[in-house]
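What follows is one structure encoded as structure tokens, with my remarks underneath.
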Amino acid sequence: MEINKPMIKKMKDMIFQNLMESYLPFPLDTKLYSSWATDIPEGGETVFYTSYMYQISGILKRYESLFPKIYKLNIPRRLMTASKFLIKPNSDELERSFNILKSIKSMLLKNNLKFGYLYDKEPYSGALLLESGFLNEYKEYGKKLYNFFNENGIKRIITVDPHTTNALKRYKDFIDFDIDVINYLDLVNFKGTGNYVIHDSCLYSRSMDMYNSIRNKINGSGIKLNENYLITSKEMGSCCGGPLSLISNKDSEDISKSRAEKLLSVNENVLVMCPLCYQNLSPYINNIKDIAEVVS
Amino acid sequence: MNYEWDVAVNKAILNNSPKVNKILEENPYIKDIADELRNVKNKVLDNIDEYIEKTEESVKKTGGHFHLAKNADEAMSMVKEIIKERTKIVVSKSNVLYEIKLRDEMEKEGKDIWETDLGEYLVQINKDMPSHMVAPAIHLTKDKIGKLLNEDLDKNINENSSAEDMVKSVRKFLMEKYLAAEVGITGANSVAADTGSVLLIENEGNIRMDTVLPEIHIAITGIDKIVPTLKDAFNEVIVQASYAGFYPPTYINVTSGPSATGDIELQRVSPATGPKEFHLIVLDNGRKEAINSEIRDSLLCIRCGRCYFSCPSYKLYGKDFGDSPYTGPTGIMWSAVTMKKYDKAMLCMHSGGCKEVCPMKIDIPKVIEKIKFRYIDS
């Protein structure tokens, strides 16, 4: 497998510059992506934080496929601005992501939690920098992000996806970052029905050691889970292939397909907890749901 | 996706992972000694020079020869100096031997050198590289092996032969090589600083032959294999074998110096039946530098190979995930330590299963994260 280092470096520089200028990895229509929320107070000490992950998960692959073209054609970064109007999720994708966020918001409220939202001022978490090994840039952006949160009086952040949760929690390994970061799955209890196999988010279940707590909650909710040691255990459960897509889209899809086949051998209904896992696996699985779509 | 590899690796996982689980469930003490081992290995890394010195003293006390090689070239020169004009060599599977390119160098010099581990022998006649640290030939199907043996060894063997017949044929060939060998070269699964003993674990019996029949035994290993005591060395081989899926191991070989007897008036006479010379070459080759770096935990790895089967990148890329012989999640770390190669780290998906199954509790994804950074930053 040939790794295109100059392209990766260019991508790193472009993402980093964008983040340092606008708090976004690439141009995004933040007004549109925050329009799912209308009745949450703006700002506050505790905020509901999406990092736009659910909203843009459907278009990330399109952005990823843009990078090689930008690199090959040497397109200036400023021309990327237009992409925020050109690359958009379709209305079904957007509606689905909005419904998931509304469901999470509703579960948090029912669990008596109070929080605000930053709407279109919400910054991106920096997950892409950390997960790609761009550690200097991750640290630098983290300092900027920390200042942003401080200036806005934010002391506690409620995250809704694994990549954002991991990126925010990991800042303290590199810089001073004394903001409390907590994932909604640690805060809510819920009810649900049905019979599923879980495709674990690698970050939730292994990096952040939430494998058992997530299963305990789901098992207690009324949902029945099927397990197979070689496919769904903490030790043997596997990735959806997503992180590889920046290096090789084909290889990433091979992993996704293989993972989907294994999950389907356990149960035809698959439960995920990450918007990127959903995007990578859904082409190969008919009935795949995010946890926030099946519980309340 | 390579279909043949996909079938081979999935069979290996099916045969290995449940077996390891059963071993650990039935023998809970193994997890305890693994924890103990992690602590003593950290202690050695904190005081590496002291432990190398102690090992040297102990090896010399047993009548053996001790050599410290800074890098692969130095280790190779030491081997040549020991072997001199001798030509018949048998070797047992060792990643460090690949690290110093031992077989390539010896073959270039026209030596009659043979791998004696079955998997490694197959890799040798296939002019190939290992696909797994513990099971080097898992990428070869029985059909392929039958064809290989037919072309290279025995016209009576083909793809339809039984595995038993294939093994028998190789055994017959290697037996002649053992009996004629002047030098046996092995790695080491652990080295006890307090006694200078080298421990080697195996199931085939080839290492026992390699270490006893030739007149010279050379063990070559990394400084990371040194542990404080003989008890720790036994712990290391038990943990390694168990996490690799072999418990109890068929053979544990302990070598403390050359062969000797005290049967005549209790006076120590060396050699006796076994080798007259024992050499231990311990290799640095980037390891000391790694101790003082952000990838230090790589050196806690005992190379059981369990992490391979929890890794989606290895399942996809096989031996291309890493730089053979250092492949798989642990191979990404060892490639960085010993070859300063960082590029394959970019293929890691931080799935994290490797960390979950590691007996040494190495947070492999975090180490690989640092290696990715080295790649990007270099």
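Structure summary
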item	result
Any hit, the stretch A:148-159, residues being hydroxyl-bearing (S, T, Y) and within 26 Å of A:D120 (Cα to Cα)	yes
Selection within the stretch B:296-319 - buried (at least 22 other Cβ atoms within 10 Å of the Cβ) and aliphatic (A, V, I, L, M)	B:L299, B:I302, B:L316
Hits in the stretch B:53-77 (condition: in contact with a strand residue (DSSP E or B) (Cβ under 6 Å, 6 or more places away or on another chain) and without any contact (Cβ under 8 Å) to a residue 12 or more places away in the chain)	none
From B:G328, B:G353, residue being touching a strand residue (DSSP E or B) at 6+ places or on another chain (Cβ under 7 Å) and either crowded, with 20+ Cβ neighbours inside 10 Å or at pLDDT below 95 (or both)	B:G328
Residues that are touching a residue at least 12 places away in the same chain (Cβ under 8 Å) and assigned to a helix (DSSP H, G or I), drawn from the stretch A:12-35	A:K12, A:M14, A:I15, A:F16, A:Q17, A:N18, A:L19, A:M20, A:T30, A:K31, A:L32, A:Y33
Within the stretch A:36-65, tally of residues that are part of a loop (DSSP other than H, G, I, E, B) and either touching a residue at least 40 places away in the same chain (Cβ under 8 Å) or outside the structural domain of A:V181 (by TED's automatic domain parsing) (or both)	12
Subset of the stretch A:239-256 [surrounded by fewer than 20 Cβ atoms within 10 Å (Cβ to Cβ), without any contact (Cβ under 8 Å) to a residue 60 or more places away in the chain and either in the same structural domain as A:I59 (by TED's automatic domain parsing) or not acidic (D, E) (or both)]	A:K250
Neighbours by Cβ (under 6 Å, 6+ apart or cross-chain): first from the stretch B:333-356, in the same structural domain as B:K70 (by TED's automatic domain parsing) and of a type in the set (F, W, Y); second at pLDDT 95 or above and assigned to a helix (DSSP H, G or I)	none
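For (1) within 27 Å of B:A241 (Cα to Cα); (2) within 14 Å of another protein chain (Cβ to nearest Cβ); (3) crowded, with 18+ Cβ neighbours inside 10 Å, each residue gets a yes or a no:
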position	(1), (2), (3)
B:K11	yes, yes, no
B:N16	yes, yes, yes
B:K22	yes, yes, no
B:D35	yes, no, no
B:D49	no, no, no
B:T55	yes, no, yes
B:F66	yes, no, yes
B:D73	no, no, no
B:M76	no, no, yes
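The rows are residues; the columns are (1) more than 30 Å from B:P329 (Cβ to Cβ); (2) outside the structural domain of B:I223 (by TED's automatic domain parsing); (3) surrounded by fewer than 17 Cβ atoms within 10 Å (Cβ to Cβ).
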residue: B:Y98; (1), (2), (3): no, no, no
residue: B:D117; (1), (2), (3): no, no, no
residue: B:A135; (1), (2), (3): no, no, no
residue: B:I138; (1), (2), (3): no, no, no
residue: B:K144; (1), (2), (3): no, no, yes
residue: B:K155; (1), (2), (3): yes, no, yes
residue: B:S162; (1), (2), (3): yes, no, yes
residue: B:D165; (1), (2), (3): yes, no, yes
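The values are calculated or read from the model by the stated rules, or taken from the named source; none is laboratory data. All figures in this text were calculated on a predicted structure; none of them were measured in a lab. Because the Cβ atoms are built from the backbone with ideal geometry, glycine has one as well, and the counts that use them run over all protein chains shown.
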